[in-house]
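Participant: Below is a structure I'd like to ask you about.
The values are calculated or read from the model by the stated rules, or taken from the named source; none is laboratory data. Keep in mind the model is a prediction, meaning the values are calculated, not measured. Neighbour counts are summed over all protein chains in view; Cβ atoms, including those assigned to glycine, are modelled from backbone coordinates with ideal geometry. SASA here: full protein model, heavy atoms, side chains in, ligands and nucleic acids out. Shrake-Rupley method; radii C 1.70, N 1.55, O 1.52, S 1.80 Å.
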Amino acid sequence: MKLMAKARVLAAALGMGAALQAQAQTDLTVYTALEADQLKSYATAFEKNNPDVKIRWVRDSTGIITARLLAEKENPQADVVLGLAATSLLVLKDQGMLQGYKPAGVEKLSKKFVDADATPSWVGMDAWVASICYNTVEAEKLNLPKPASWQDLTRPEYKGHVIMPNPNSSGTGFLDVSSWLQSFGEEQGWAFMDKLHTNVDRYTHSGSKPCKLAAAGETAIGISFAYRGAKLVTKGAPIEVIFPSEGLGWDMEAAAIVKGTDKLQAAKTLMDWTVTRPANELYNESYAVVAMPGVAKPIKNYPTDIAERMIDNDFQWSAVNRSRILKEWQQRYDSKSEPKK
Amino acid sequence: MSAAPYLHIHQLEKRFGDFVALQNISLQVEEGEFVCFLGPSGCGKTTLLRIIAGLEQVQQGRISQAGKDITRLPPQQRDFGIVFQSYALFPNLTVSENIAYGLVNNKLSRQDRTVRVNDLLEQIDLPGIGDKFPGQLSGGQQQRVALARALAIQPGLLLLDEPLSALDARVRLHLRKEICELQRSLGITTIMVTHDQDEALTMADRIVVMDHGTIAQVGTPEEIYRHPATAFVARFIGSMNLLPGRVLEGHNLLIGDTELALPLMLSQNVEEGLLGFRPEMVRVLQGPEEVKADTLLLQGEVAQVNFMGAFVRLVVTIARNTDIEVDLPVQQYSQRQLKAGDHLQLAIDTESLHFYPQPPVDEPTRVSIRQSDPQPQHVFAEVMDSVMEAQA
Amino acid sequence: MSAIAACRLMPVWNTEAFVQRALLLLGVLFLILGLLAPLSTMLLKSVQDHAGNFIGLANYAEYFTNPALFGSIINSLVIACWTTVIVVTCAFITAYALTRSGMAGKKGFRLISSLPLFAPSLLPALSMIYLFGNQGILKGWLPVDSIYGPVGIVMGLCFWIFPHALMILITAMSNSDARLYEAAKALKTPGWRVFLTITLPGVRYGLVNTIFVCFTLAITDFGVAKVIGGQYNVLATDIYKQVVGQQNFQMGAVVSVILLLPAILSFWIERRVQKRQTAQVSARAVAIQPESQPLQDNLLMLFCGGIAAFLLLVIGMAMYASLISFWPYNLTLSLDNYQFDMMDGGGWDSYFNSLRMAFWVAITGTAVIFLLAYLNEKVKALPLLRKTMQFLAMLPMAVPGMVLGLSYIFFFNSPDNPLNFMYGTLAILVLNTLVHFYTVCHLTASTSLKQIDGEFESVSASLKVPFYTTFRRVTLPLCLPAVLDISVYLFVNAMTTVSAVVFLYSADTTLASVAVINMDEAGDTAPAAAMAVLLMFTALGVKSFHWLISRELLARSQRWRHA
């Protein structure tokens, strides 16, 4: 990947464009919201078996990638979307932007990870779950007890010590909000967020950032997702990943072909790969729950019973209500400068 | 005059938006002639030069050069060399490179070019400065280099736009002579724009006096000086007493409260006009003296005596509120020992008298009528200013 | 008469004039396509719904009824006003010290105070986090609860805008006439009165100019507010949020139009002031030779020392933080944060992309801008076209980067646009950046062209030398210093700009400055600081290189200057 990139830079520097390179292979433009540190291993694994297809990643946070795809609706730049929140893919599907395709071997996946249509528009890869990153060092300095539940976060002593992602841009942020609304009920959910809002120091653009900020001591508590927390613990950050007792909101990372791609064959090849066992094993390095049953092994710094803690997520509901929820959220919380409600 | 003129300008008109810069300009210049366009700034002389060069477009009229209509030709396709007031030497090129600038497309060999450049440097009397940059030269030297550059391509017509006005007086005098000599020896048809009457009078074969975008008079320096066609020309070139007067019966003119019997026929359908005569054409009579019959005689009292070096300028009051200037050779002044308050008898010959009929409103009356101006030579400048203001 | 009339209708074919006019026309077309058309598309989008139907001012109505959005206008104004007041005050005193006092170490102060010009505006913001953030080394000094908000934005902007203000004020103050001060001294005028009646009026145009430049830079900046704004929304971050966070392009367009208003207003006022400024100092003015006044000099030195210390602290902190393994728990030094390939934002590729883009912007931008300024200055015909050109060349100064970037999405990503192929390429980034920084370059080029004798072209024509030869042999060499200045200005800005390009990069064309944003967004503050530091040093390196090159080049090609 890096070599490729260097070659591209060189080629482009020489001739301003890599078009003249011998084209035995297809360059596949893949939009993704995967974490930057996952991209390399995914591409390597795929390209090892499919040397004639090269992946060009376009990586950004969930909100941005969704925005880009919608913006480019008339003139799609992406061939495949891979590792994007299922709720976002559902929005794209509603807009008629996805190309249905049934990957070879898709039947081996658990049903809830595959679009219910006869020719699925999208195929799930793994699930990522909400969690709390809790900085033990800072918490001790500030005398903050360890929260055990979402509701704990609304307690007054946490005021100004909680950071969470903005659901408008972050997939994690959105799954938090949608899961609270689903598990607490709409009215209770908003009431909970109203109270939480008074404790929130700020809303970040990305879902990783609250956990990274907690790891750096900028905040004591960051609402984020399990993978990021586990990674940072491994890196030596003084944080503990907490799985709140009410249950964990989650979203699926999924893949789909963008309608109108002129590289359909290569796109299908990639889709076929996403449902394979090796791919699922790769997902499992970061996520405890993956699409293919029986693959998942427990991973470091993750609880083993994570699948049981996940709430019963209704993606359809989330997708249909996505813009309403976001609008409501923005009205209520998007400006900390407004008097707090 | 049998051959067609070298440069023929016919009925030119030039407007900038609503402003008419040139109107009804017709002029013929013979081959080898040195013509000066003379006039105050804003009179259109530079515009006319730029039109001849093709640097400005005209709305109407035709220009032909050497029998060829050049009215619509861009400058590149015309045949002229030009020197600007600013010299416009390329500061980053050496003197040689500047002079050779136009030679590059003449397909001359490098060697021929060098020879030609050195010839030109000889001609402008500056051998051996070829490797210097313009910034290292004096103003006069730069001007000569600019001249050499214009002449390098051997143009049929040389255009000089106020070439000397940025130089100091001594250098200017020297260069006048040098340009004239060069022009005569090359025999190149030359047009020079200037606002300096001395320059025009000493250098030109013919002078074109311009005023408000029109040609006021064309003639040799002597013709222009001795017989200015209009009050404007009279005032612009040399000094001229111009006395506003009202025409009475016969030869009589009422100036101020004094009636003068003129030795001229005045047209009877004119009511007002200016009587003009040059200060040096006034004779101071020595007591009772024989005068020719057709001489204008004036009585006056010396108001001021101004020593001017070569001559003495007297301001003489000849009527209430009416002063005239009289120039007296120093020698004569010394003999007479004139002083303010002296009474004088003055005489002016008919051929030195001019009468310019015109409606009085157009004339600034302060031309000759002054209360107590201590320095009369400033009046000329004042008039110049008012003329310029009127044109600005 | 009819012959004359006919003659008028038949101009002789003149290739040179035709080429010049055609180039000028192309230039205007270029600016229409690169600036006017995208902006118009954006205006259009602001009165359309998602489906592209015309809905009048409904989007605007929605905007003004949404307190969260509406509040950003107030926030932006508050930020811009505070920043302007602080920066102009500090810059005024510093400029005074540098031009009018006998203070020692002026050269050093000037050098230090120019450093922020080479940093992306993100750098001070990131540095603020390490200085005053919750784990900041100077957290205790902060008078407010949190650096994430208006205080942080204002501090970051002050750092970044200060050198811009200082440059204008130094120029204004150097242009004063010493004779006025001598006259005042002869009249025994007290110092404060001299200041009020001579110093202040003498620089008033420069001062007004500075105020508007500061205000415009502050209200349109995106980087600082993005990094350290926390929940304090301003217009520039709102555009970003609307577009990338909510896919609400129409609302993004609305906010853009609103952001365009103060920028255009201040631009307009500044132009008017500029027009009246002509010839306030006569050609015979005598330059001021500052005298030393020990008490005043020491006070000023103390002040400048404080400013310099702040600037160096901010830069130094960013550098230091970028070398820390894991802030604040593991303070060992390492280069881990420079392993950009493990982070968001495109890794080292993005850095090389930035270099490439800056290179192309500098090359094509200098060529295009200088050539068009030349034609605009030298072609005498087509006054209307030249007026249009002049207006279009001045306009980019009033268009905030965010607005320009968003306009480009609208314009170039439309499938109906034949220029659509540019979308997602390096070319669109080059074009966008070129247009974004057009005005200053155009003014630099025009000023230097105006100083050249206007008759050179006439002389060449009379010598039958085509205009392009004179352009090559005379005009270009004479303007070489300006040309070099333009190219380095473009390069440095292309390296550090973020606002316009944040909407336009693609997978192959990620940029370093955008990577800083992305890394910060992902919480990788230290690598973000590392990239920002890298950008600053690259820009500084290029500037030093430019300095050496131009010294060498000028010494060789400009011998005549010292002749």
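Participant: Run through the DSSP bridge list for the range B:7-226 and note the antiparallel percent, rounded to the nearest 5.
Facilitator: Beta bridges within the range B:7-226, antiparallel portion: roughly 55 percent.
Participant: Quick one: if you stick a label point 7 Å off each Cα along the C-beta vector at C:Y329 and B:D257, how many nm between them?
Facilitator: 11.5 nm
Participant: Also, quick follow-up: Quick check of the Kirkwood formula: for the range B:189-297, what is the inverse mean of 1/r over all pairs of different Cα atoms, in Å?
Facilitator: Result for the range B:189-297 stands at 16.1 Å.
Participant: How big, in percent, is the set of alpha carbon pairs in the range A:194-341 lying more than 23 Å apart?
Facilitator: I get 53 percent for the Cα pairs in the range A:194-341 exceeding 23 Å.
Participant: In degrees, nearest 10, range 0 to 90: what is the angle between the Cα axis of helix A:186-199 and the longest Cα principal axis of chain A?
Facilitator: Approximately 70 degrees, to the nearest ten.
Participant: Among all the aspartates and glutamates, which ones have a C-alpha under 17 Å from C:K107's C-alpha, if same-chain residues fewer than 8 places away are not counted?
Facilitator: C:E291, C:D297
Participant: For the cross-link pairs A:K93/A:K327; A:K268/A:K327; B:K177/C:K378; C:K106/C:K226, which exceed 26 Å when the distance is taken from alpha carbon to alpha carbon?
Facilitator: A:K268/A:K327; B:K177/C:K378; C:K106/C:K226
Participant: What does the accessible area of A:S41 come to, in Å² to the nearest 10, when a probe of 1.4 Å is used?
Facilitator: We get 50 Å² for A:S41.
Participant: So which of B:K14/B:K45; A:K40/A:K111; B:K107/C:K464; A:K209/A:K231; A:K209/A:K235 end up more than 19 Å apart, counting from Cα to Cα?
Facilitator: A:K40/A:K111
Participant: Give me the residues in the range C:445-467 whose solvent-accessible area, probe 1.4 Å, is reduced by at least 30 Å² once all protein chains are included instead of the chain isolated.
Facilitator: Buried on complex formation: C:D453, C:E455, C:F456, C:S458, C:V459, C:A461, C:S462, C:L463, C:K464, C:V465.
Participant: In Å², nearest 100, what accessible area do chains B and C bury in total when the solvent probe is 1.4 Å?
Facilitator: 3000 Å²
Participant: Hey, another quick one. Could you work out how far the C-alpha centroid of the range B:215-291 sits from that of the range C:351-423, in angstrom?
Facilitator: That distance is 68 Å.
Participant: Can I ask one more? Lys/Arg Cβ at +1, Asp/Glu Cβ at -1, dipole of the protein assembly as shown taken about the Cα centre: which of B:L346, C:I269, C:L540 is farthest positive-ward?
Facilitator: C:L540
Participant: May I pose another question? Cα gyration tensor of the range A:152-222, axes a ≥ b ≥ c as square roots of the eigenvalues: rounded (a/c below 1.5), prolate (a/b > b/c) or oblate?
Facilitator: oblate
Participant: Going by a 1.4 Å probe on protein heavy atoms, which residues of the range B:114-156 end up with at least 20 Å² less accessible surface in the whole assembly than in their chain alone?
Facilitator: Listed by number, the residues meeting the 20 Å² cut-off are B:F133, B:Q136, B:R149, B:I153.
Participant: How high is the FRET efficiency from A:K146 to C:I264, r the C-beta distance, R0 41 Å, rounded to 0.05?
Facilitator: Efficiency computed from Cβ-Cβ geometry: 0.15.
Participant: On to the next question. What total accessible area, in Å², is buried where chains C and A meet, using a 1.4 Å probe and rounding to the nearest 100?
Facilitator: 4700 Å²
Participant: Could you give the accessible area per residue of the protein assembly as shown, probe 1.4 Å, as a whole number in Å²?
Facilitator: About 41 Å² of surface per residue is accessible.
Participant: Looking at C:A51, C:L313, C:M155, which one has the Cα that reaches farthest to the positive end of the dipole of the protein assembly as shown (charges on Cβ: Lys, Arg +1; Asp, Glu -1)?
Facilitator: Towards the positive end, the residue furthest out is C:L313.
Participant: Of all the accessible heavy-atom surface of the range B:7-226, with the other protein chains kept in place and a 1.4 Å probe, what percent is carbon and sulfur?
Facilitator: Carbon with sulfur: 46 percent of the solvent-accessible area.
Participant: How much FRET efficiency would the formula 1/(1 + (r/R0)^6) give for B:D205 and C:L33, where r is the Cβ-Cβ distance and R0 is 60 Å, rounded to 0.05?
Facilitator: For R0 = 60 Å, the calculated efficiency reads 0.55.
Participant: As I understand it, the dipole of the range B:7-226 uses +1 on the Cβ of Lys and Arg and -1 on the Cβ of Asp and Glu, about the Cα centre. Which of B:F37, B:P127, B:L93 lies farthest toward its positive end?
Facilitator: The residue sitting most towards the positive pole is B:L93.
Participant: Peptides A:200-208, A:305-313, C:415-423: what's the order by average Cβ count within 10 Å, highest mean first?
Facilitator: Packing order, densest peptide first, comes out as A:200-208, A:305-313, C:415-423.
Participant: In chain A, what % of DSSP beta bridges are antiparallel (nearest 5)?
Facilitator: 60 percent
Participant: Right, here's the next one. Other chains' Cβ within 10 Å of A:59-68 residues: what's the mean?
Facilitator: Going residue by residue through A:59-68 and averaging, the value is 5.
Participant: For the pair B:V291 and C:K185, how long in nm is the line joining their label points, each one 7 Å along Cα→Cβ?
Facilitator: 6.5 nm
Participant: Which whole number in µm²/s is D for chain B by Stokes-Einstein, with the Kirkwood Rh taken over Cα pairs at 10 °C and 1.306 mPa s?
Facilitator: D = 67 µm²/s.
Participant: Right, here's the next one. Considering only A:A216, A:A118, A:A319, give the residue with the highest GNM mean-square fluctuation for chain A, with springs between Cα atoms whenever their separation is below 10 Å.
Facilitator: Of A:A216, A:A118, A:A319, the Gaussian network model singles out A:A118 as fluctuating most.
Participant: Follow-up. Between B:V305 and B:D349, what is 0.36 nm times their sequence separation minus the Cα-Cα distance? Round to one decimal in nm.
Facilitator: Full-extension gain reported as 13.5 nm.
Participant: For C:F267, B:F307, give me the order by solvent-accessible area with a 1.4 Å probe, most accessible first, ignoring ligands, DNA and RNA.
Facilitator: Accessible-area ranking of C:F267, B:F307, largest first: B:F307, C:F267.
Participant: Here's another thing I want to ask about it. Rounded to two decimals, what is the ratio between the C-alpha radius of gyration of the protein assembly as shown and 2.2 N^0.38 Å?
Facilitator: Ratio of Rg to 2.2 N^0.38 Å for the protein assembly as shown: 1.24.
Participant: Tell me, what is the FRET efficiency for C:K450 and B:Q332 to the nearest 0.05, using R0 = 45 angstrom and their Cβ-Cβ distance as r?
Facilitator: 0.20
Participant: Could you work out the equivalent-ellipsoid semi-axes for the range B:7-226, taking the square root of 5 times each eigenvalue of the Cα gyration tensor, largest first, in whole Å?
Facilitator: 29, 20, 16
Participant: Another question about this same structure. Given the protein chains as shown and a 1.4 Å probe, how many square angstrom of C:V379 are accessible, to the nearest 10?
Facilitator: Spelled out: C:V379, probe radius 1.4 Å, area about 10 Å².
Participant: What's the magnitude of the charge dipole for the protein assembly as shown around its Cα centre, counting Lys and Arg as +1 and Asp and Glu as -1 at the beta-carbon? Answer in Debye, nearest 20.
Facilitator: Charge dipole, the protein assembly as shown, about its Cα centre: 2520 debye, nearest 20.
Participant: Scaled to the compact-protein estimate 2.2 N^0.38 Å, what is the alpha-carbon radius of gyration of the range C:1-138, rounded to two decimal places?
Facilitator: Computed over Cα atoms of the range C:1-138, the ratio equals 1.94.
Participant: Compute the angle between helix A:226-235 and the longest alpha-carbon principal axis of chain A, please, reported from 0 to 90 degrees and rounded to the nearest 10.
Facilitator: On a 0 to 90 degree scale, this one is about 90.
Participant: Now for a different question. For the protein assembly as shown, give the share of DSSP beta bridges that are antiparallel, in percent and rounded to the nearest 5; count only bridges with both residues there.
Facilitator: Of all bridge pairs located within the protein assembly as shown, approximately 70 percent are antiparallel.
Participant: For a quick check of understanding: with a 1.4 angstrom probe and all protein chains in place, what accessible area in square angstrom does A:R59 have, to the nearest ten?
Facilitator: 50 Å²
Participant: Run lengths n ≥ 4 of DSSP H only: what is the helix-derived mean residue ellipticity at 222 nm for the protein assembly as shown, with -39500 (n - 2.57) per run over all residues, to the nearest 500?
Facilitator: Calculated from helices alone, the mean residue ellipticity at 222 nm is -15000 deg cm²/dmol.
Participant: A:K195: which lysines have alpha carbons under 17 Å from its alpha carbon, excluding same-chain residues fewer than 8 sequence positions away?
Facilitator: The reachable lysines, counting only those whose Cα sits under 17 Å from A:K195, are A:K159, A:K336, A:K340, A:K341.
Participant: How far apart, in nm, are the 7 Å Cα→Cβ label points at A:E285 and B:D18?
Facilitator: About 8.1 nm, to one decimal.
Participant: If you don't mind, there's one more thing I want to ask. Across the residues of C:407-418, average count of Cβ atoms on other protein chains within 10 Å?
Facilitator: What the average comes to for C:407-418 is 2.
Participant: Check the straight Cα-Cα distances from C:K241 and name the aspartates and glutamates below 13 Å, setting aside those fewer than 8 residues away within the same chain.
Facilitator: Within reach: A:D334, C:E521.
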